[in-house]
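Where a number appears in this text, it was derived from the coordinates with a stated rule and is not lab data. None of these values were measured; they are calculated from a predicted model. We place every Cβ from the backbone using ideal geometry, glycine too, and count neighbours over all the protein chains shown.
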Amino acid sequence: MSNNIIDIEHVWKRFVLRKDRADSVGQLLFRMLPVSRAQRSSPETFWALQDVSVAVEHGQSLGIIGNNGSGKSTLLKLLTRTMLPTKGTIRTSGRISALIELGAGFHPDFTGRENIFLNASILGFTRREIAGRLDEIIDFAELEAFIDTPVKYYSTGMNARLGFSVATAVDPEILIVDEILAVGDEGFQKKCMERIMSMKRTGVTILLVTHSLQFMETLMDRVLWLDRGIPRAQGKPSEVISAYRVHEFGSTGSPLAEFQPQKKA
């Protein structure tokens, strides 16, 4: 019997991009006029993911790296069922808690407190269970003074703090976190990483997208490298990250190394 909590098998994701999309009322009316097929621009096909296969065991942590536009966030959205694959299969088992987009699942006119109950109830918690963890969630998010303010008045950092606090307080078996934590201040980012490390020690399966290669190498059990939707390598973090650095920067060093000031002789 498989010990995998996540199985991604030969997954492809296609988007169709229309070049003649109407951006104004005039363009919309013009598109309603009878024209020949030759006059209409044909839609463009874009493959965000191409033949991706990954298996993650219970309690493992998988980091996903790659340049912007490489398909990292698309893969996470497929795992959370907010998108469906064009081809291939994805199987998961266990409660999934995800933090992928700022404000996702939040109602802008609801207060922070009301959105805690809303989000946690979507994840299957009863009102009594949520109430029992409410103080912990608010305290971790450091939003005591604003918890009864509608979230439409929250900054991006406040949204991130509240979202992360809820996502990690509901006992997930699979935690999925995108680069969203980059919007927070340095102190809160450190606090989030410490909580992720604590969850990892308790056996939570973690999927993480971040541009911090050092964190990937330190915390992740395995790393998947995506390049324009194509899986280039997966395996030990040190080996995959080294190959990624050579491919992107021409060496295994930091991409900012060439900009470091040189010491005077």
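Tabulated data for the structure shown
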item: Taking Lys13, Lys72 and counting other C-beta atoms within 10 Å, the order from fewest to most; result: Lys13, Lys72
item: Neighbour-count ranking [beta-carbon atoms within 10 angstrom, fewest first] of Met220, Met158, Met197; result: Met197, Met158, Met220
item: Hull shadow area, averaged, segment 42-109 [alpha-carbon convex hull, nm²]; result: 7.1 nm²
item: Exposure proxy ranking, count of Cβ atoms within 10 Å, fewest first, for Ile196, Ile137, Ile65; result: Ile196, Ile137, Ile65
item: Stokes-Einstein translational diffusion, segment 95-172 - Kirkwood Rh over all Cα pairs, 1.002 mPa s, 20 °C, in µm²/s; result: 177 µm²/s
item: Shape category assigned to segment 111-219 from the gyration tensor of Cα positions, a/c cut at 1.5; result: oblate
item: Selection of GluC sites (Glu not before Pro), segment 125-183, meeting DSSP coil and at most 11 other Cβ within 10 Å; result: Glu144
